[in-house]
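Peer 1: Structure in structure tokens, see below.
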Amino acid sequence: MERHGIISGKGLLPYLGLTLGIGAVALAVIRVGYMAGAALGCLPILLYIILFAIKKPYWAYTWLFIANYFVLGLTRYIPGLPAGIVMDCLIMFNLFTLLIRSCYKHVGWERARNGLTVASLVWLTYCFLELFNPQTVSATAWVALIRGYALYFVAIAILTPIIFYRYKDLKRILFIWSVLTLLAVLKSWIQRNIGFDQAEQYWLFVERGHTTHIIRTGVRYFSFFSDAANFGSSMGLSMVVFGIASLYYKNRWIRLYYIAVAAAACYGMMISGTRSALAVPFAGFTLFIILSKQIKMIAAGAIMLAGVFIFLNYTHIGHSNALIRRARSAFDLNDASFQVRLKNQELMRAYMKDKPFGVGIGLGGGKAKTYAPNAYLSQIPTDSWFVMIWVETGIVGLIVHLGVLFYILGYGCYQVMFRLRDKQLRGLTAGLTAGVFGIAVCSYSNEIFGQFPTGIIMYMSQAFIFLAPRFDRELAEAREKRIEHEHEHEYLDEA
């Protein structure tokens, strides 16, 4: 026995395994090299991560959500890091762990059978058929772009209801999202008040990011996002979601915290210098006011939004401030950049007359130069998610895409206005629906819908909207159990 100095066979196994592992690593270093040894040495860690993810899929999916927020920013510090492939691997890893887990335990695949999954598959099917579009001149472009177009949408629509199926999961993700928002704003504050770091300066002045971020009206700050447009729009989304969420928490400290997050997001949106990002709070809060069905809130909200619009569009108050001046230019229909976009759309409209199915996925705008450098539409920037969809998938594709989006928004509005009984859940669902609507409106001027992190956040928000009825039943059952428990105690006290 071990206490008498004799190690049992069972106790010997870990030591034997460790010895064999060290020997294998040493042999790999000697025979192949240090990289092979390092890779072999990491196998136990990788195995542990896989086993942990199978046992706790919630955490694997949470890490995907967090990684999505930073992956594009990391490409500035790790040259050559393929952000898309990293996210592909994380999504596939989550699906793989669920498949392994389903071999010995119920996973709940049936929870993914909902309208959102069907809608995402409809859009994926149309995008797949685009591969056979006779206008398509590069299958490589389709392979490279189909992920952001449709595959991420389908994957998130399936993963979210399977893994985040409890109401507390929604509240936890909102809290994590709020922390990430504050980190993004903090990074932008550092850029503005302390300066850009070496990697950011390289991106600005060597990779020519300064052409769109250091302009006549001032510096546009981008935090750890791909660019200022992505950052500003995402901050507008956070401003809407957390501003609305703060109205539906009874806990005063949580309410104040979410108000602070919304205010910080507003600051980040303003210093991004992204004029189109203003559409997110304008559209989002307008929809929320309508969904509230409260005359007082509708009246107060209408007055507030009208006041902001009048301040920006019809006055010159604070015009000496660069942030206010740039925000004000968003309402100027004679703005030079807006006029250029209209002229570009006119050129595309003439070219697209006989192309109802578009020119093929990945073959519109500046990115198309990689796959079709001499194509006509690769010379004209689309500058809009919806214009890009129209150019690449045609008017038919645009109708399908808008149909899917309107279905999602309509479902969310219907649930908030007529179906959900729990007040807090109704408020959080209204916030997510309003945020999705705000980004959709903003997407007319920016190609942000499919970018990291905004795209994944949007798809997850849509999944939570479709989970809202399930959450409502969960909360109703919890209330009934609590009432029954209270009645039992009353009966015992009387007895």
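Peer 1: Of the cross-linked pairs 56/168; 187/250; 55/187; 343/367, which ones have a Cα-Cα span greater than 24 Å in the structure shown? Provide the component values of the computation, followed by the final result.
Peer 2: Working: 56/168 16 Å; 187/250 31 Å; 55/187 35 Å; 343/367 20 Å.
Result: 187/250; 55/187 exceed 24 Å.
Peer 1: Could you check the spin-label model distance between residue 176 and residue 484? Points 7 Å from the Cα along Cα→Cβ, value in nm.
Peer 2: Between residue 176 and residue 484, the simple spin-label model gives 3.3 nm.
Peer 1: Let me ask something else. Gain in length, residue 118 to residue 105, computed as 0.36 nm per residue apart minus the alpha-carbon separation, to one decimal in nm? Spell out each step's value before the answer.
Peer 2: Working: separation 13, 0.36 × 13 = 4.68 nm, distance 2.54 nm.
Taking 0.36 nm per residue and subtracting the Cα distance, the gain is 2.1 nm.
Peer 1: I need the calculated FRET efficiency for the pair residue 256 and residue 140, taking r as the beta carbon distance and R₀ as 60 Å, to the nearest 0.05.
Peer 2: Numbers: r = 51 Å, r/R0 = 0.85.
About 0.75, to the nearest 0.05.
Peer 1: Given the C-alpha atoms of region 114-273, compute the convex hull and give its volume per residue in Å³. Don't jump to the answer; show the numbers that get you there.
Peer 2: Values: hull volume 26.0 nm³, N = 160.
Spread over its residues, the Cα hull of region 114-273 gives 163 Å³ apiece.
Peer 1: When you count, for each residue, the other Cβ atoms within 10 Å and take the mean per peptide, how do 441-447, 475-481 rank with the highest first? Walk me through the numbers on the way to the answer.
Peer 2: Numbers: 441-447: 21.7, 475-481: 11.7.
Per-residue mean Cβ counts within 10 Å order the peptides as 441-447, 475-481.
Peer 1: Around residue 175, under 12 Å between beta carbons, what's the net of Lys plus Arg minus Asp minus Glu among the other residues?
Peer 2: Here the charged neighbours net out to +2.
Peer 1: What is the gain in length, in nm to one decimal, between residue 414 and residue 132 on full extension, counting 0.36 nm per residue of separation less the C-alpha to C-alpha distance?
Peer 2: Full extension of this stretch gives 97.8 nm more.
Peer 1: Please name which of 262, 417, 384 has its Cα lying farthest along the dipole of the chain towards the positive end, using unit charges on Cβ (Lys, Arg +1; Asp, Glu -1) and the Cα centre as origin.
Peer 2: Selected residue: 262.
Peer 1: Which distance in nm do the two modelled labels at residue 88 and residue 295 give, with both placed 7 Å along the Cα-to-Cβ direction?
Peer 2: That separation, rounded to one decimal, is 5.8 nm.
Peer 1: I need the calculated FRET efficiency for the pair residue 197 and residue 49, taking r as the beta carbon distance and R₀ as 25 Å, to the nearest 0.05.
Peer 2: Efficiency for this residue pair is about 0.25.
Peer 1: Quote the relative contact order of the chain in percent (integer), defining contacts as alpha-carbon pairs under 8 Å separated by 6+ residues.
Peer 2: Details: 591 pairs, mean separation 90.0, N = 495.
Computed over the chain, the figure is 18 percent.
Peer 1: Grab the other residues whose beta carbon is less than 12 angstrom from that of residue 396, score K and R as +1, D and E as -1, and report the net.
Peer 2: Spelling it out: positives minus negatives among the neighbours equals -1.
Peer 1: Which of the helices in the chain, when you take each full DSSP H run, stretch at least 30 Å along the axis at their Cα atoms and have an average Kyte-Doolittle score of 1.6 or higher? Write down the numbers at each step before the final one.
Peer 2: On the way: long enough: 9-31 (32 Å, 1.37); 34-55 (32 Å, 1.93); 167-193 (39 Å, 0.47); 385-414 (32 Å, 1.64); 454-494 (57 Å, -0.67).
Length and hydropathy pass: 34-55, 385-414.
Peer 1: Using Cα pairs closer than 8 Å and at least 6 residues apart in sequence, work out the relative contact order for region 170-224, in percent.
Peer 2: 40
Peer 1: Relative contact order of region 152-272: what whole-number percent is it, with Cα pairs under 8 angstrom and at least 6 residues apart?
Peer 2: Across region 152-272, relative contact order equals 26 percent.
Peer 1: How large is the accessible surface of residue 399 in square angstrom, using a 1.4 angstrom probe and rounding to the nearest 10?
Peer 2: 110
Peer 1: Here is a further query. Could you tell me the center-to-center distance, by alpha carbons, between region 61-86 and region 385-453 in angstrom?
Peer 2: 25
Peer 1: Moving on. Show me 104-112, 456-464 ranked by packing, highest mean number of other Cβ atoms within 10 Å first.
Peer 2: 456-464, 104-112
Peer 1: For the chain, state the semi-axes of the equivalent ellipsoid (square roots of 5 times the eigenvalues of the alpha-carbon gyration tensor), sorted largest first and rounded to whole angstrom.
Peer 2: 40, 34, 25
Peer 1: To continue, here is another question. State to the nearest 20 debye the size of the charge dipole of region 78-163 about its Cα centre, where the only charges are +1 on K and R beta carbons and -1 on D and E beta carbons. Don't jump to the answer; show the numbers that get you there.
Peer 2: Details: 5 positive and 3 negative charges, 61 e Å.
Result for region 78-163 is approximately 300 debye, rounded to the nearest 20.
Peer 1: Tell me the net charge near residue 134. Cut-off is 13 Å between Cβ atoms, residue 134 excluded, with +1 for each Lys or Arg and -1 for each Asp or Glu. Present the calculation step by step, with values, prior to reporting the outcome.
Peer 2: Details: positive: 355; negative: 130, 354.
Residues near residue 134 contribute -1 overall.
Peer 1: Rank by packing, highest mean first: peptides 144-155, 200-211, with packing defined as the count of other Cβ atoms within 10 Å averaged across residues. Each step should come with its number before you reach the end.
Peer 2: Numbers: 144-155: 21.0, 200-211: 14.4.
Result, highest mean first: 144-155, 200-211.
The values are calculated or read from the model by the stated rules, or taken from the named source; none is laboratory data. These numbers were taken from a predicted model, which means no experiment stands behind them. Cβ sites come from the backbone with ideal geometry, for glycine too, and all protein chains shown count toward neighbours. Remember, those area values only see protein heavy atoms, side chains included, never the ligands or the DNA or RNA. Shrake-Rupley method; radii C 1.70, N 1.55, O 1.52, S 1.80 Å.
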